[in-house]
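Note sheet for the following structure.
The values are calculated or read from the model by the stated rules, or taken from the named source; none is laboratory data. It should be emphasised that the depicted structure is a prediction, and the values quoted were computed from it without experimental measurement. Quick reminder, even Gly has a Cβ in these numbers, built from the backbone with ideal geometry, and neighbours come from all protein chains shown.
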Amino acid sequence: MPSTLTFPAGSGNNQFMIIAGLGNPGKEYENTRHNAGFWAADSIAARFRVDLSHRQHHALTGQLLLRGESHILVKPQTFMNLSGEAIAGLMLENDISPEELLVIIDDINLPAGKIRIRACGSDGGHNGLKSIISHIGRNFWRLRIGVGQPVSKEDTTHNKLVSHVLGTVSADEMALFNLVLTEIPDMAALWLLGMGNKAMTRYNGIDFSQPAPEPMD
């Protein structure tokens, strides 16, 4: 396991931060649950017109401009379990601290339609987070997109869970994910503006699988 690298203290000025959506490269993985982080990065790129075609440190990167400040949007191309290599390289090159990193991943411990944003934490069994933590430590932000678990309670063995996250989503399930993905750019903007706690308050309790409440008269 690589040793944890030393990074500068957070600048506190919200300039030059990194948002990294994790997934696996390749056509065969495009519509699998494990690529929810890639979907989120693509949604952010579409909203803020980010060109995600630049290749650096085994990752696709692009410049995200928000209110006159420049940030980096990233899709590592190392495959999930080596994501930390790409992200750590970009952080070192750009002098970015862990507190200035937001990682977006899929999460089997959350049902589809729910999301969680937090300032730090464990890897929760996610190989992408495990790789990043091994390189930079635990003190980075993470946004988890729920993908649920296999329908049958008998299907919770490791192999079944792997098959679930690497399984192709149905049209109905993708429609639910799209409800979440339309909100991801706003969450990302709040975080980039230094309002990660506000994003937690606004979004962590929402269940996108439930109909929105009727407006009050």
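Quick check on segment 116-140: of everything there that is more than 19 Å from Gly194 (Cα to Cα) and hydrophobic (A, V, I, L, M, F, W, C), which residue is nearest to the chain's Cα centre (by Cα)?
Taking the candidates together, the pick is Leu129.
Tell me which residues, restricted to segment 22-32, are under 13 Å from the mean Cα position of the chain (by Cα) and either crowded, with 23+ Cβ neighbours inside 10 Å or in a strand (DSSP E or B) (or both).
Selection gives Leu22, Gly23.
Provide a single number: the residues in segment 90-108 that are over 10 Å from Ala59 (Cα atoms) and either in a helix (DSSP H, G or I) or of a type in the set (Lys, Arg) (or both).
7
For segment 103-134, name all the residues that are surrounded by 24 or more Cβ atoms within 10 Å (Cβ to Cβ), more than 24 Å from Val169 (Cα to Cα) and not aliphatic (A, V, I, L, M).
Scanning segment 103-134 gives a single hit, Ser131.
Which one is modelled with the highest pLDDT, of the residues in segment 145-178 that are aliphatic (A, V, I, L, M) and under 16 Å from the mean Cα position of the chain (by Cα)?
Across segment 145-178, the extreme among qualifying residues is Ile145.
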